[in-house]
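Visitor: Attaching a single structure in structure tokens format; questions to follow.
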Amino acid sequence: MTINQQQDRASGEPAQPQASLSATGSARRRFTRTGLGVSGVLMTLASQPGMAANTCASPSGSLSNGLQSSHKPDNPVTCGGNSPGFYKNNPSGWPASPAATSSRTFKDIFPVNANQTALGNLTLMEVFNTNGGGKHAIGGKGPFKSEDIDPHNVASHVLAAYLNILTGRSTVLTEAQLRNIWREYQTTGGGKLGYYAPTAGVKWYGDDIVAYLTTTFHQ
């Protein structure tokens, strides 16, 4: 069943990654297989070394005919963003902006619903520390299970995409578009139940949002 066809999920069942692929590779493979309507050309390019940073699609473009840069040959969009793991391990790669210091709380930038208060109170670096599962002592409290705070790691991927926008590493999404993805995901429940609708009749749940955002990362 493709995402274009899928019905509401009660549990937000996560996708099963391919064991032989990296986390980024698995997400891209899953994004292709879930029927998001991306052209074969786009996903072929994204699978080749060095190409993922050169051409990519916005959420709506991924559902239509693929390459956004083909419509803007003089100003192609890029998907050269860094992953949550990069920002977790490379503080020097963060933007030199007071809007994104690692000690700010997540809710300062991306408001959360009442059910995800614990997530909103995390610092930006703590959000990256929850990525990948396990238990974490956060803010002097815990340990918290990552899946209880952010079951699909949507926050860490949204935050990485935000830092990529601020640093100019990725131009396929504007800050307003990214905020809209997060806002709709939160207002529809967040966690396992929330979703973003890139077009009428299509719902991207948490794992789908992560799969899409991962296609905008080059590592």
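The values are calculated or read from the model by the stated rules, or taken from the named source; none is laboratory data. The structure displayed is predicted, hence computed values, not measured ones. Methodologically, a virtual Cβ is constructed for each residue, glycine included, from the backbone with ideal geometry; neighbour enumeration extends over all protein chains shown.
Visitor: Going through region 197-209 one residue at a time, which ones are buried (at least 24 other Cβ atoms within 10 Å of the Cβ) and β-branched (Val, Ile, Thr)?
Guide: The one that is buried (at least 24 other Cβ atoms within 10 Å of the Cβ) and β-branched (Val, Ile, Thr): Ile209.
Visitor: Shifting gears a bit: For the condition within 29 Å of Gly189 (Cβ to Cβ), at pLDDT 90 or above and surrounded by fewer than 19 Cβ atoms within 10 Å (Cβ to Cβ), what is the one hit in Gly93, Gly85? Break it down into steps so the answer makes sense when it comes.
Guide: Working: Gly93 fails: within 29 Å of Gly189 (Cβ to Cβ).
So the residue among Gly93, Gly85 that is within 29 Å of Gly189 (Cβ to Cβ), at pLDDT 90 or above and surrounded by fewer than 19 Cβ atoms within 10 Å (Cβ to Cβ) is Gly85.
Visitor: Just name the residue that is nearest to the chain's Cα centre (by Cα) out of those in region 175-214 that are hydroxyl-bearing (Ser, Thr, Tyr) and farther than 23 Å from Ser92 by Cα.
Guide: Of all residues in region 175-214, those hydroxyl-bearing (Ser, Thr, Tyr) come to 185, 187-188, 195-196, 199, 205, 212, 214.
Those still in the list that are farther than 23 Å from Ser92 by Cα too: 185, 187-188, 195-196, 199, 205, 212.
Values: Tyr185: 12, Thr187: 17, Thr188: 17, Tyr195: 12, Tyr196: 12, Thr199: 17, Tyr205: 11, Tyr212: 6 Å.
Going through the qualifying residues, I end up with Tyr212.
Residues are listed down the side, and each one gets a yes or a no for (1) surrounded by 15 or more Cβ atoms within 10 Å (Cβ to Cβ); (2) modelled with pLDDT of 90 or more; (3) not in a helix (DSSP H, G or I):
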| position | (1), (2), (3) |
| --- | --- |
| Gly133 | no, no, yes |
| Phe144 | yes, no, yes |
| Asp148 | no, no, no |
| Ile165 | yes, yes, no |
| Leu213 | yes, yes, no |
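Visitor: Can I ask one more? May I ask you to list the residues in region 81-120 that are in contact with a strand residue (DSSP E or B) (Cβ under 6 Å, 6 or more places away or on another chain) and in a loop (DSSP other than H, G, I, E, B)?
Guide: Ser83, Ser103
Visitor: Only one of (1) in a helix (DSSP H, G or I); (2) surrounded by fewer than 24 Cβ atoms within 10 Å (Cβ to Cβ); (3) touching a residue at least 40 places away in the same chain (Cβ under 8 Å) is not met by Leu178, so which one is it?
Guide: Unmet for Leu178, out of (1) in a helix (DSSP H, G or I); (2) surrounded by fewer than 24 Cβ atoms within 10 Å (Cβ to Cβ); (3) touching a residue at least 40 places away in the same chain (Cβ under 8 Å): (3).
Visitor: Scanning region 71-82 for residues that are out of contact with any His (no Cβ under 8 Å at 6 or more places or on another chain) and surrounded by 15 or more Cβ atoms within 10 Å (Cβ to Cβ), which turns out modelled with the highest pLDDT?
Guide: Initial filter on region 71-82 (out of contact with any His (no Cβ under 8 Å at 6 or more places or on another chain)): 71-78.
Adding the requirement that they be surrounded by 15 or more Cβ atoms within 10 Å (Cβ to Cβ) leaves 76-78.
Details: Pro76: 66, Val77: 74, Thr78: 80.
Per the criteria, the residue is Thr78.
Visitor: Can you name the number of the only condition in (1) modelled with pLDDT under 90; (2) farther than 20 Å from Gly85 by Cα; (3) surrounded by 23 or more Cβ atoms within 10 Å (Cβ to Cβ); (4) of a type outside the set (Asp, Glu) that Gly194 fails?
Guide: (1)
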